[in-house]
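One structure is given below, encoded as structure tokens.
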Amino acid sequence: MTDKQAALSLRGITLGYGGGADICRDISLEVPRGSFTVILGPNACGKSTVLKAMARLLSPRAGEILLEGRELAKWPTGELARHLGLLPQSAIAPDGIRVVDLVARGRSPHQGLFSRWSAEDERVVAEAMETAGVLDLSQRVVQELSGGQRQRVWLALLLAQQTDVLLLDEPTTFLDIAHQYSLLNLSDRLRREGGRTVVAVLHDLNQACRYATHLIVMKDGRVVAAGDPAEVMNAELVEDVYQLPCDVIPDPQTGTPMVVPHAQGHPAAVV
């Protein structure tokens, strides 16, 4: 894959925090433009650390990151904010802020020092809330909403930011299963209909295989597999990465790989 085909390219990067030990070593990977790329791996394998580096919240100790073929470190901050948006694990809204006012903050990268709020800003914010399914909540205080509603509000903020690349760090954490699938369906629709590139850190292997067009699997700070879920996901990989004996079968709804853990010790498994 060439840089022109990749939204993001990581070339031999090493990552860590402060003066601590390296968390990720010699990471090289590509995020195809227009893909729904999911990063998988056990706890503490470096998934969120890699995503922070993609968002330029963490500078590599070695190697380089390219966004649209251009070194990430060289993007001016305002320009970068118009191309790349991040939904962090625990986004916190200011006390008492209304949904519409939070979503409106997504327009900041598009406004100059002396710019005034415009009809175009108004249109984009309304359209973002409608797409995210929170237009009817526009006058509600964000803290009063459910977890699923709040995640959609934050996604609406990213839509108002009008970025080409969306980075989602464990976006389904703490959501019930219906809200998890609702959020993933919306993210996939943004990719298919809006042409955006979505990169998400997920824990659920079956959700990852169902929605990802490109899968990246990590273990111990390294990438151990990458590619189409149908080619990457198998029982040997799951047991190696997660120490989980399983079968991998076709999902009866989508035909994508579905991981079925072995029922060790369960009465029904005893013959």
So the angle from the long Cα axis of helix 119-132 to the longest Cα principal axis of the chain, reported in degrees to the nearest 10, equals 30 degrees
Counting only residues 5 or more apart in sequence or on a different chain, those whose built amide H sits under 5 Å from that of SER35 are VAL198
quick note, the range 165-241, DSSP beta bridge pairs, % antiparallel (nearest 5) is 50 percent
Note to self: with every protein chain in place and a 1.4 Å probe, the range 1-118 gives an accessible area per residue in Å² of 49 Å²
Computed ³J(HN,Hα) along the range 247-253: with the Karplus parameters 6.51/-1.76/1.60, θ = phi - 60°, integer Hz and x for glycine or proline, the list is 10, 10, 10, x, 5, x, 8
Quick calc of log₁₀ I(q)/I(0), the range 1-158, Debye, one scatterer on every Cα, no solvent, q values 0.14, 0.19 1/Å, result -0.85, -1.21
Check: C-alpha center the range 113-157 vs C-alpha center the range 16-53, spacing in Å is 29 Å
GNM of the chain, Cα pairs under 10 angstrom: of ARG222, ARG116, ARG82, the biggest fluctuation goes to ARG116
Quick calc, the chain, dipole around Cα centre from Cβ unit charges on Lys, Arg (+) and Asp, Glu (-), nearest 20 debye, gives 700 debye
Subtracting the Cα-Cα distance of GLU71 and ILE92 from 0.36 nm times their residue separation yields 4.6 nm
per DSSP, antiparallel bridges as share of beta bridges in the chain, % nearest 5, sits at 60 percent
Restricting to aspartates and glutamates and to Cα separations under 16 Å from LYS219, and discarding same-chain partners fewer than 8 apart, the set is ASP22, ASP26, ASP204, GLU236, GLU239, ASP240
Across LEU67, LEU58, LEU87, the residue with the highest GNM fluctuation in the chain (Cα network, 10 Å cutoff) is LEU58
To the nearest Å², the heavy-atom accessible area per residue of the range 161-271 with 1.4 Å probe amounts to 50 Å²
Of the accessible area of the chain, computed with a 1.4 Å probe and all protein chains kept, carbon and sulfur make up a percent value of 50 percent
By the Cα gyration tensor axes a ≥ b ≥ c (a/c under 1.5 gives rounded; else a/b larger than b/c gives prolate, otherwise oblate), the shape of the range 127-216 is oblate
Between the Cα axis of helix 147-161 and the main Cα principal axis of the chain, the angle (0 to 90°, nearest 10) is 60 degrees
Binned at 10 Å from zero, the C-alpha pair distances of the chain give percents of 7, 28, 33, 22, 8, 2, 0, 0
Here the range 20-34 yields Karplus 3J(HN,Hα) values (6.51, -1.76, 1.60; θ = phi - 60°; whole Hz; Gly and Pro given as x) of x, 5, 5, 9, 10, 10, 6, 7, 10, 7, 10, 10, x, 4, x
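With only alpha-carbon atoms in the gyration tensor, what are the semi-axes of the equivalent ellipsoid for the range 80-123, in Å, largest first?
Ellipsoid half-lengths, sorted descending, are 20, 15, 9 Å.
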Label model pair ALA230, VAL260: point-to-point distance (7 angstrom along the Cα→beta-carbon line) in nm is 2.0 nm
Note, the range 181-187: 3J(HN,Hα) by Karplus (6.51, -1.76, 1.60, θ = phi - 60°), whole Hz, Gly/Pro = x, goes 5, 4, 5, 5, 4, 5, 4
Most fluctuating of GLY194, GLY85, GLY148 in the GNM of the chain (C-alpha, under 10 Å) is GLY194
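The values are calculated or read from the model by the stated rules, or taken from the named source; none is laboratory data. Computed from a predicted structure; not experimentally measured. Neighbour counts run over all protein chains shown; Cβ positions are idealised from the backbone, glycine included. Note: areas computed on protein heavy atoms with side chains; ligands, DNA, RNA excluded. Shrake-Rupley method; radii C 1.70, N 1.55, O 1.52, S 1.80 Å.
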